[in-house]
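Values in this text are rule-based calculations from the coordinates and carry no lab data. The structure presented is a predicted model; accordingly, all values stated were derived computationally and were not measured. Every residue, glycine as well, gets a Cβ built from its backbone with ideal geometry; the counts of neighbours run over all protein chains shown.
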2 protein chains.
Amino acid sequence: MRRSIATVSLSGMLRDKLQAIAAARFDGVEIFENDLLQFSGKPQDVKAMAADLGLAIDMFQPFRDFDGSTPAQVARSLDRVERKFDLMDALGTDLLLVCSSVQPDALGDTDRLAEQFAQLAEAAGRRGKRIAYEALAWGSQVKLFSQVWDVVRKVNHPALGMCLDSFHTLSLRDDPAPIRQIPGDRIFYVQLADAPWVNTDVLTHSRHYRCFPGQGEFDVTGMMRAILDAGYTGTISLEIFNDEFRSAPARANAVDAMRSLLWLEEQVGLSRAAAAPSAAPAPQVSLFSPPPAPKLAGWSFIEFSVDTAAAARLAELLLSLGFSRIGRHRSKDVELYGLGDVRIVLNRETESFSRHYFERHGTSACATALTTANPQAAIVRAEALGCTRVTGQIGQGELDIPAVQAPDGSLLYFCPPANADGHHAFEADFVMDADAVAALAAHAPTATARVDHLVQAVPAGQIEPWVLFQRAVLGLTPQRSVVLHDPFGVLRSREIESSDKAIRTSLIVSERDNTAISRSVARLGGGGVQQVAIEVQDLIASMKALRAQGAPVLPVPDNYFDDLDAKYALDPAFLQGLREAGVFYERDAQGGEYLHAYAAPFDDRFEFEFIERRGGYDLYGSTNSPFRLAALAEWRAAQQAG
Amino acid sequence: MRRSIATVSLSGMLRDKLQAIAAARFDGVEIFENDLLQFSGKPQDVKAMAADLGLAIDMFQPFRDFDGSTPAQVARSLDRVERKFDLMDALGTDLLLVCSSVQPDALGDTDRLAEQFAQLAEAAGRRGKRIAYEALAWGSQVKLFSQVWDVVRKVNHPALGMCLDSFHTLSLRDDPAPIRQIPGDRIFYVQLADAPWVNTDVLTHSRHYRCFPGQGEFDVTGMMRAILDAGYTGTISLEIFNDEFRSAPARANAVDAMRSLLWLEEQVGLSRAAAAPSAAPAPQVSLFSPPPAPKLAGWSFIEFSVDTAAAARLAELLLSLGFSRIGRHRSKDVELYGLGDVRIVLNRETESFSRHYFERHGTSACATALTTANPQAAIVRAEALGCTRVTGQIGQGELDIPAVQAPDGSLLYFCPPANADGHHAFEADFVMDADAVAALAAHAPTATARVDHLVQAVPAGQIEPWVLFQRAVLGLTPQRSVVLHDPFGVLRSREIESSDKAIRTSLIVSERDNTAISRSVARLGGGGVQQVAIEVQDLIASMKALRAQGAPVLPVPDNYFDDLDAKYALDPAFLQGLREAGVFYERDAQGGEYLHAYAAPFDDRFEFEFIERRGGYDLYGSTNSPFRLAALAEWRAAQQAG
């Protein structure tokens, strides 16, 4: 399909926006009037600039409040529109978006509207222009595409068609299915936006919360299917009003924009394929179709960039938490630690991506590795969706583990699954300590330890890019958005998982500057893996053992356990176990239980969580987050005092 | 009145919160349960800590979901509450807040509720405790204070009373007047919060948008009057859930909290005094009553901190904009510039507050001076409301112009009005150039020039403190909150004015990091005066003259004027005048007109705006802000390109 984007979707000045849009390989652009009014050159200069960049100017928008309750008003509107046609001549575009009126005296009667729009269509036709009429969800009278279609149908003029916008239709929870009955050539333009469901009025919703398809909660795919079923073969365009996007770097955001359209096309194709073949006419446009999203089995390893000193401290922490050193890389200054099935790589290699990452971000997870049966297909998909492939140095006889850059610049590897002997495939690159590996499996309490989930801290404004990356590239599904209370400010987390829960992740952002996460993001040049949550079989026993060995674990205040008892009326012995082990507890409405405990954080950058899920508990223990975050703050204060 | 605050209203850990609350001279504190659960010591330690600080623990809160649909549920609740009574014994408080249930099976029948609350009251009485029952605005069944009163009245037990909360009542637009009929001693506690009106659900409204009385739009004064009319003599307490406050420095925020209560008491007193004396019983409590808010006549001067180099550059800018150098300070290295009635002070004095300000903030307005008939009364009021008075060095025979610190640490002077000869009173401290002064009045186009308004840029989170400062200390009234679009992110502005419009100000905050304002705030260690708007009589002529003289004025794109014509159908000659003069234009619904133009900004920190109001136009030209901000961005880009 032809792909376009409205200039209002990106931040900055018009020239920068057009360059970003062209670099992301869009076919065209909608010029938003304010961008033109702010432009210091002539409209002809915009035309030339777009042409130089290989961008068509698909539409000029918006023209507001056309219809009127008096002939004088209509005459005035027709006069106004002639001046816009002049402007469009200079811009070199023939399509004008006219949105439904928000004036108190706007017309609701489609017969009267048709009379006035017939005049508009005539005027446009005379000038070689076309009108795309759109229903604003907050229009005074015309709010629905069905009303617009009524007018367009009655006028029946080649210069008058519809503009459909997924936000306006879906935000009102209007049914897009009847779009299928509209002749596709009467739809002149299609604008696409997604949004989270927010409890506010539809105008506020539209002006501040729109996002790219795949980042929100609307069924944009379903609406797009109806539009294609109608026989639409034109352009799909993004029109996003979003406070974050208005401030986001235009280049990166334009790449996300393209990724969202490509993903949407794939979803529409999959959705059509899943329906009965007879249900709809064959598609008249070709849809983007990359290799399917990889089936992910878990994490093969998590790699931390360290220098020698940091490596020693992190190794000490790992050993104190029960990890063993189980291997060293065949050709690099890289060590491998294991606990059950969990693998942590410490990369001390100088002159490497890792060291470069360390210099910029301190001791951080510079790479994570997902396990999938077909790494190559995963990479091809990721590249097709605009990711950058990264190739490292490979020693003789070593595996070529493919990787792409994640949105924060860290690496995401795709690793094949375990070998026939049950060992991680990537371990072939390591000289393994066979005794240590055997001991991992023999140590009953942690023999089955595995990575349950990762929490990723992201800078402000980075939740949406990450959601799209994980959804489109990795096929994960966004879940709840949760508010967490740090003693020094509000955090928000977004949970994203694979359908079989083999991969669970959570993105966390601090919306204010005073929280520990904000300070860490500011000090260390960005976010990164903030928690590695390890599932064990008997958490209380595990934590008691760690405490007995003097491992650095996060203390939990006694008052917390007193309240736990009042809240859940727990078995006294069980409660005593939680208290002695320093384990947080949450119970869901179905009786599922989550036990979790924390090691002390490393450099205020990341921490290890140990968890146990019981009875089908499926969440992340967020009701305990105020207590965990306060305990962390106490721990920090004690460190500083001590 | 006794004044209290809930620990949840402040950021940080419990110890820091209590210290901040005590420092702001509160009488007591409500312990919010989560603060206790996060506390690593024992409840007895909290009791001791509060006692050491001279704070009473007025209440423990909240106890949720007491009532139940089955006897087993009630028994469980009664068991739970006994444990809270244990905790309250340790804390040394006798009052427990019980809020209405949010459970799906909560009771709505007040007879059944009364049965269960009678049991609760009995239990509390046995333990020497009292219950304050509160209606949550989002309770499943009990949402209104009238329902709670129904239950309390029916139970009729000395251990059961009401907790009133202005947020719950006013957010539902419920009428507080019937509170007058409730015996005052059945009201056990009063919680106060204000809020802006936000289009969202009441729970989101409560959890994220509450603010201190005077910062929002609720009629907290009216509700408080009804409560006092009922004969209430107990504590007033602040309970604020606000995303900004959760991240704000606790000390400063506690001072604001106290200021808001003091201001509220004054407003209640004024409101009672304004009503017919017979309308209500005499107050049974004493209300805070400072000197009345000053009547302000305008700005006497605006003072910029400069060093020698900056002074030269700023003087050059002022002269190019038509200002004249009209005086020098009798004893300090300070110069005075004038344009009509506008006075700009350049302070080069070393070893001064101004130089210290310059070192921290660059060339900035380190002081503003308001004109008022009784400066001394204004200072007494400001000090009574928690402001810090600042005394500077005064030369022999010079005026003692009193000042207080504004929320950003700059100085706010109060100056007496003009002398009998029509000259600014403060000019007595200057050796004035009589010829230059006479020339100001003789230059017709700017003879009447005056400061129309100041725009103050503030860091994130500082709108609310400023609003309270200007409302409480200066008696200004907050007006609209407006969204402005910078090319690199969203700004919000809040307009605040005196009732006679002699003082108009606007606070502006950038909610994202990439805007010019954000960068300036970050680079220069805070906000400050960002615009000085000067009213002139014939703006088009003035700007044409400035342009002809080569003054550094902000260019306005031609495309802007083309659109202006399409929008307003202006007289061609008038439009041509706007275009040639580079003047922005806005027309309000009543036909009032605003003409405005800008000088190039100084160090990206502040700028001079020239304006003309016609036909009763009363706003700030914000519809033009996208074009003005884009023009600024273009100007900056051109500067950088050289």
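Local charge sum around A:F32 (other residues, Cβ-Cβ under 15 Å, Lys/Arg +1, Asp/Glu -1)?
Numbers: positive: A:R15, A:K17, A:R64, A:K84, A:R207, A:R210, A:R246; negative: A:D16, A:E30, A:E33, A:D35, A:D58, A:E134, A:D165, A:E239, B:D563.
Neighbour charge sum, excluding A:F32 itself: -2.
Can you return the aspartates and glutamates within cross-link range of B:K332? Criterion is Cα-Cα under 18 Å, with same-chain partners fewer than 8 residues away left out.
B:E303, B:D307, B:E349, B:E351, B:E398, B:D400, B:E427, B:D429, B:D433
For the protein assembly as shown, what is the mean residue ellipticity at 222 nm derived from helices alone (per DSSP H run of n ≥ 4: -39500 (n - 2.57); sum divided by total residues; nearest 500 deg cm²/dmol)?
On the way: 40 runs with 452 residues, N = 1284.
Using -39500 (n - 2.57) per qualifying helix, the result is -10500 deg cm²/dmol.
Can you give me the three principal axis dimensions of chain B from its C-alpha atoms, in Å, biggest first?
87, 62, 53
Could you list the trypsin sites (Lys or Arg not before Pro) in region A:303-387 that lie in coil according to DSSP, counting only those with at most 15 other Cβ atoms within 10 Å of their Cβ?
Numbers: sites: A:R313, A:R325, A:R328, A:R330, A:K332, A:R343, A:R348, A:R355, A:R360, A:R381; in loops: A:R330, A:K332, A:R348.
Answer in residue order: A:R330.
Based only on Cα atoms, what Rg/Rh ratio does region B:1-95 have, Rh being taken as Kirkwood's radius?
Values: Rg = 14.5 Å, Rh = 14.0 Å.
With Rh from the inverse mean 1/r over Cα pairs, Rg/Rh is 1.03.
Take peptides B:88-96, A:103-111 and line them up by average Cβ neighbours within 10 Å, highest first, as a rough protection proxy. Mind dumping the intermediate values first?
Numbers: B:88-96: 20.1, A:103-111: 15.0.
Per-residue mean Cβ counts within 10 Å order the peptides as B:88-96, A:103-111.
Would region B:290-442 count as rounded, prolate or oblate if I go by the C-alpha gyration tensor, calling it rounded below 1.5 in a/c and otherwise prolate when a/b exceeds b/c, oblate otherwise? If you can, show how the numbers build up before the last one.
Values: a/c = 1.83, a/b = 1.23, b/c = 1.48.
Note, shape of region B:290-442 comes out oblate.
Enter the mean number of other protein chain beta carbons within 10 Å of the beta carbon of each residue in B:106-115, as an integer.
Numbers: counts 0, 0, 0, 0, 0, 0, 0, 0, 0, 0.
Mean inter-chain Cβ contacts per residue within 10 Å come to 0.
Give B:K42/B:K154; B:K84/B:K154; A:K143/A:K501; B:K501/B:K567 a once-over and call out the pairs whose C-alpha atoms are over 32 Å from each other. Walk me through the numbers before you get to the answer.
Numbers: B:K42/B:K154 38 Å; B:K84/B:K154 25 Å; A:K143/A:K501 40 Å; B:K501/B:K567 29 Å.
Check vs 32 Å cut-off fails for B:K42/B:K154; A:K143/A:K501.
For peptide A:41-50, what's the mean number of Cβ atoms from other chains within 10 Å of each residue's Cβ? Please list the in-between numbers first.
Working: counts 3, 4, 3, 0, 0, 1, 0, 0, 0, 0.
Partner Cβ neighbours, averaged per residue: 1.
Show the residues, 5+ positions off or on another chain, whose built amide H is closer than 5 Å to the amide H of A:S300.
Sorted by chain and number, the residues that satisfy this are A:A369, A:L370, A:T371.
Suppose we keep just the alpha-carbon trace of region A:2-279; what are its Rg and Dmax in angstrom?
Taking only Cα atoms of region A:2-279, I get Rg and Dmax of 17.9, 54 Å.
Taking every residue in B:263-272, how many Cβ atoms of other protein chains lie within 10 Å of its Cβ, on average?
0
Antiparallel DSSP bridges in the protein assembly as shown: what percent, to the nearest 5? Write down the numbers at each step before the final one.
Values: 124 of 218 bridges.
So the antiparallel bridges amount to about 55 percent of the total.
Going by the alpha-carbon gyration tensor, a ≥ b ≥ c the square roots of its eigenvalues, is region B:402-557 rounded (a/c under 1.5) or, if a/c is not under 1.5, prolate (a/b greater than b/c) versus oblate? Don't skip to the end; give the middle numbers.
Working: a/c = 2.00, a/b = 1.29, b/c = 1.55.
Because a/c hits 1.5 or more and a/b fails to exceed b/c, region B:402-557 counts as oblate.
If a/c stays under 1.5 just call it rounded; otherwise compare a/b with b/c (prolate if a/b is bigger, oblate if not). Do that for region A:52-183, with a ≥ b ≥ c from the square roots of the Cα gyration tensor eigenvalues.
oblate
Kindly rank B:138-145, A:26-33 from highest to lowest mean number of other beta carbons found within 10 Å of each residue. Numbers along the way, then the final one.
Values: B:138-145: 20.5, A:26-33: 23.4.
Order by mean packing, descending: A:26-33, B:138-145.
Between region B:557-571 and region A:554-598, what is the separation of their alpha carbon centroids in Å?
Region B:557-571 and region A:554-598 have Cα centres spaced 67 Å from each other.
Can you work out the Karplus-derived ³J(HN,Hα) for every residue in region A:559-573? Use 6.51 cos²θ - 1.76 cosθ + 1.60 with θ = phi - 60°, whole Hz, and x for glycine or proline.
Karplus values, whole Hz, x for Gly and Pro: 4, 4, 6, 4, 6, 4, 5, 4, 7, 10, 6, 7, 3, x, 5.
Kindly rank A:208-221, A:512-525 from highest to lowest mean number of other beta carbons found within 10 Å of each residue.
Numbers: A:208-221: 23.1, A:512-525: 19.0.
Final packing ranking: A:208-221, A:512-525.
Could you go through region B:610-619 in sequence order and give the Karplus-derived ³J(HN,Hα) for each residue, using 6.51 cos²θ - 1.76 cosθ + 1.60 with θ = phi - 60°, rounded to whole Hz, and x for Gly and Pro?
Rounded to whole hertz, the list is 10, 9, 9, 9, 10, x, x, 4, 10, 10.
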